[in-house]
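Below is one structure, written out as structure tokens; the observations come after it.
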Amino acid sequence: MERYFFPNSRKVYVTGSRPDIQVPMREIHLSPTTNPQGETPNEPLRIYDTSGPYTDPDATINLEQGLPKLRQQWIWERGDVEEYEGREVQPIDNGFHSAEKAELFRAFPKANTRPLRAKPGKCVTQMHYARQGIITPEMEFIAIREHVSPEFVRQEVASGRAIIPSNINHPEAEPMIIGKNFHVKINANIGNSAVTSSVEQEVEKMTWATLWGADTIMDLSTGKNIHNTREWIIRNSPVPVGTVPIYQALEKAGGDPTKLTWEMYRDTLIEQAEQGVDYFTIHAGVLLRYIPLTANRMTGIVSRGGSILAAWCLAHHQENFLYTHFRDICEILRSYDISVSLGDGLRPGSIYDANDEAQMAELETLGELTKIAWEYDVQVMIEGPGHVPMHKIKENVDIQQNICQESPFYTLGPLTTDIAPGYDHITSAIGAAMIGWYGTAMLCYVTPKEHLGLPNKDDVKEGVIAYKIAAHAADLAKGHPGAQKRDDALSKARFEFRWRDQFNLSLDPVRAQAYHDETLPAEPAKTAHFCSMCGPKFCSMRITQDIREYAEKNGLSLTEAAEVGLKEKAEEFREKGSSLYQ
Ligand code: IRN
Ligand code: FE2
């Protein structure tokens, strides 16, 4: 596979209290500042890095092997897990008749390794350990990543304010945390209809999304090859993987929601649990009595999962089986440490429907389910909208935080207007930045293809970058310690005309340089004290530097220089008399 490396960057690992805690970071190297006195070096900058071993030139990547199982030892050490037979791996029904296509969807070579689960009567969730006062290696890893103390991480997880999605069957993932007192995270959805892509392409979408900064990915594949595609993705993913299990259950029901059963769903949960899915979106708050509340909406039910469950509830005139079986679900989740992301099946799908009764009714139920999950030490986050105009965003967070007792909020955008199909990464990044600032812990990206079609590679990148901007803007506004370092380093490089450093410190160095080179491709332009935007005469930064140099040459501070300047001007005026005004 093709690998990408960021310019002037080096992968570094910070070692924790034990040698197998190796926290990855990207170190960006900068050129020195030059001035008449000589050169002053600029410290390299270390940034949070989600890209995994793919950006480490020393790491060998073999997709057939999967990534190294960095958490394996930690999981075994706790003494709470056992290996077991697991489910029989399903026969591969790839739905294709040609051998060539079948090869594209072949099973992962190591799919038959035995899965882990909690020993009888044990709970293996990070929340469980946190509540017992235990700081796990995962927590310490995160503390180093987030520049906080391990004890702080433990407290946040114990209280339910933060979650560490970390299935014991996904030991390849680098631990990360989702909670309002940590960096705002972003999720990228990948995987879709299996007809249009192969497993290699799906794996590549995952590595591509994490390269640009996705903190988690969700595999939303539908179609007949879900199991295999997911196996390839999980084995090679350095970030937690989420899914919406009702999608696969629906495949098992032949695509007919009314044929779904609890047993089908439960088996799907276990199948995915054994593969290592780190969090499940579960639409357990779509209650039968809430469905009529959507009748007068502009856009009805827009959640895929929500609509499937509404169809089932109405057809059987029974309560949502995810709700009635929620305790059974928690029993499963706690034996693998899968976090639950309580789905917003009734989220508004238009500005018109924002913050309506159906949405708020479901949220009440999600609050109730949060408490139940916590009884089982299951880690929980809450999904939120959707489409919401700016003035109605804040109350979403306030109400969620209140009803769901500060459990992490995870929102889709929200889109702040409906009028820009083709640009919904922008309409939604505006909402995402705001909602992140108000306390949302993770932002689910939206690509430019939203409402229009399946995102391609470029769309995935556009979406991830738009959301990186939103998340980082939120971190700054929240005063997250250290968040501003990168801004300051970039601004300084910009002011000092260290063009290459400006590119390299940016979220997309390739684009930054390409845009610069479009008009000034020559090498000397990389140190020139202007760019083609204002030209040499009108560069404000250059003029500012001239002012500073003028002051320095005359041995003055800027304030003194301003005073001297004023005096000179005043004298000039006096000499010329009133002639200036005639
Ligand atoms: C996030 C917040 N609200 C919804 N999401 C995401 O939307 C969810 O995590 C999943 O990735 C995607 C599709 O959800 P529905 O349409 O099945 O609800
Ligand atoms: Fe939408």
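Tabulated data
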| read-out | value |
| --- | --- |
| Debye equation applied to the C-alpha atoms of region 270-346, log10 I(q)/I(0) at 0.16, 0.21, 0.25 Å⁻¹ | -0.61, -0.92, -1.13 |
| Cα gyration tensor, region 1-72 - rounded (a/c under 1.5), prolate or oblate | oblate |
| Cα-derived Rg over Rh, computed across region 297-431 with Rh taken as Kirkwood radius | 0.99 |
| Distance from region 295-347 to region 1-65 (C-alpha centre basis), Å | 42 Å |
| Extreme residue, positive dipole direction of the chain, given options Gln379, His317, Pro245 (C-beta unit charges) | Gln379 |
| Solvent exposure, largest accessible area first (probe 1.4 Å, DNA, RNA and ligands not counted), of Met390, Met218 | Met390, Met218 |
| Hydrodynamic radius of region 362-497 per Kirkwood, over alpha carbon pairs, in Å | 16.1 Å |
| Ordering of 46-55, 146-155 by packing [mean C-beta count within 10 Å, highest first] | 46-55, 146-155 |
| Kirkwood Rh, Cα atoms: Rg over Rh of region 320-385 | 1.03 |
| Calculated on alpha-carbon atoms, Rg and Dmax of region 469-582 in Å | 20.0, 58 |
| Mean residue ellipticity (222 nm) of the chain, computed from DSSP H runs ≥ 4 via -39,500 (n - 2.57), nearest 500 | -12500 deg cm²/dmol |
| Ordering of 71-78, 408-415, 137-144 by burial proxy (mean other Cβ atoms within 10 Å per residue, highest first) | 408-415, 137-144, 71-78 |
| Contact order relative to length of the chain, as percent, for alpha carbon pairs under 8 angstrom and 6 or more apart | 12 percent |
| Equivalent-ellipsoid semi-axes of region 446-508, from the Cα gyration tensor, Å, largest first | 28, 17, 6 |
| Protein accessible area in the chain, 1.4 Å probe - carbon and sulfur % | 55 percent |
| Where region 104-259 is the region considered: accessible area per residue in Å², 1.4 Å probe | 28 Å² |
| Residue pairs, from the table Lys394/Lys449; Lys119/Lys457; Lys122/Lys224; Lys69/Lys468; Lys11/Lys185, whose Cα atoms sit over 30 Å apart | Lys119/Lys457; Lys122/Lys224 |
| Length-normalised contact order for region 273-375 - Cα pairs under 8 Å, 6+ apart - percent | 41 percent |
| Pairs of alpha carbons in region 144-254 whose separation is greater than 22 Å (percent) | 38 percent |
| Pairwise centroid distance, computed over Cα atoms, of region 222-241 with region 362-409, Å | 28 Å |
| Size of electric dipole in the chain: Cβ of Lys, Arg +1 and of Asp, Glu -1, about Cα centre, debye, nearest 20 | 440 debye |
| The chain - Kirkwood radius from inverse mean 1/r over Cα pairs (Å) | 25.7 Å |
| Simple Cβ-charge dipole of region 222-268, Lys/Arg +1 and Asp/Glu -1, about Cα centre, in debye nearest 20 | 100 debye |
| Accessible area in the full protein assembly, largest first, 1.4 Å probe, for Thr60, Thr261, Thr125, Thr15 | Thr60, Thr15, Thr261, Thr125 |
| Cα centroid separation, region 440-484 to region 518-548 (Å) | 31 Å |
| For region 385-443, alpha-carbon Rg over 2.2 N^0.38 Å | 1.07 |
| Value of Rg/Rh across region 230-366 [Cα atoms, Kirkwood radius] | 0.98 |
| Local electrostatic count at Lys122 - Lys and Arg +1, Asp and Glu -1, tallied over other residues with Cβ under 13 Å | -1 |
| Order of exposure, largest accessible area first, which applies to Lys457, Lys526 with probe 1.4 Å | Lys457, Lys526 |
| DSSP beta bridge pairing in the chain, given as percent antiparallel to the nearest 5 | 40 percent |
| Farthest toward positive dipole pole in the chain [+1 Lys/Arg, -1 Asp/Glu at C-beta], among Gly565, Tyr48, Pro292 | Gly565 |
| Peptide ranges 234-245, 334-345, 3-14 listed from the most packed, as the mean C-beta count within 10 angstrom indicates | 334-345, 234-245, 3-14 |
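The values are calculated or read from the model by the stated rules, or taken from the named source; none is laboratory data. Note that the structure is a prediction, hence the values are computed from the model and not measured. Quick reminder, even Gly has a Cβ in these numbers, built from the backbone with ideal geometry, and neighbours come from all protein chains shown. Heads up: the accessible areas ignore ligands, DNA and RNA and are worked out on the full protein's heavy atoms, side chains in. Shrake-Rupley method; radii C 1.70, N 1.55, O 1.52, S 1.80 Å.
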